[in-house]
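Structure record follows, encoded as structure tokens.
The values are calculated or read from the model by the stated rules, or taken from the named source; none is laboratory data. Not measured: the values here are computed from a predicted model. Heads up, the Cβs are rebuilt from the backbone with ideal geometry, glycines too, and the neighbour counts pull from every protein chain shown.
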Amino acid sequence: MIAWGRAILLLCAFGACKARPLGRTADAGAELVDAGPPRREPAALVVDASPPPDDTVLPSTSDELVARTGHLLEAISRDDATLASDILFPRDGWLLTRDAPDPGKDWETRVATPFRKGVHSLWRQHRAIDHAQVVSLVLGGAIRQTTPRKHGWKKVLWTTSDSRLTFVADGRTRAVTIHEMVAWRGAWYVTRL
């Protein structure tokens with residue numbers, strides 16, 4: 001009953017409206033032209049030919065990763081974690097991809113401070129590696145995608161555990177285990193050393 005009442009009220013409101021005549025009006029002094037009903041363009045089929053976002057594609061190991069791994073080796077040999085800042089997961093990336101009350105503090109607590117401590121610990125274990133050469137970086141056996149969750153990653157990223165950095169120092173082959181690496185924007189980064 002209420003719906004019929006509203007429909008009748010709506011029809012009365014339309015009937016009470018005055019249509020303006022075409023031509024000159026006394027109010028505006030401008031000529032009005034009837035444009036007819038508005039045209040609707042047919043919906044076009046939009047095909048996105050751009051590549052998928054960088055985080056959905058599994059990044060490969062490249063010469064760039066080997067160069068950054070060399071910086072990590074240099075950082076270990078000099079006990080200076082700042083030399084390997086390019087292989088450390090970026091703070092800006094952490095802010096964008098982590099669900100935490102304070103992502104900046106979370107990055108400092110979970111990534112930066114343990115990385116500095118890890119570089120120092122590895123320096124104590126491998127003191128005589130001043131002129132070390134990177135042989136290889138083998139990503140861990142299980143490369144998997146993370147599941148977004150509260151207080152974790154906000155988006156799907158690739159992770160791997162227990163990667164091995166092999167290097168030669170003073171004619172001896174040695175290895176360092178990188179406990180966790182995460183792929184972000186097409187490159188691998190260390191999150192736990």
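Looking at the stretch 140-193 only, could you name the residues that are of a type in the set (Lys, Arg), under 21 Å from Val57 (Cβ atoms) and not in a loop (DSSP other than H, G, I, E, B)?
Arg144
Of the candidates Leu73, Leu58, Leu65, Leu83, the single residue that is outside any helix (DSSP H, G or I) and either at pLDDT 80 or above or under 18 Å from the mean Cα position of the chain (by Cα) (or both) is Leu58. Of the residues in the stretch 27-46, none is hydrophobic (A, V, I, L, M, F, W, C), outside any loop (DSSP other than H, G, I, E, B) and modelled with pLDDT of 95 or more. Pairs linking a residue in the stretch 105-126 that is part of a helix (DSSP H, G or I) to a residue that is among the acidic types (Asp, Glu), with Cβ atoms under 6 Å and 6 or more positions apart or on different chains, are His120/Asp79; Trp123/Asp79.
For the stretch 66-110, the candidate set comprises residues that are among the hydroxyl-bearing types (Ser, Thr, Tyr) and within 18 Å of Trp188 (Cβ to Cβ); within that set, the residue that is surrounded by the most Cβ atoms within 10 Å (Cβ to Cβ) is Thr69.
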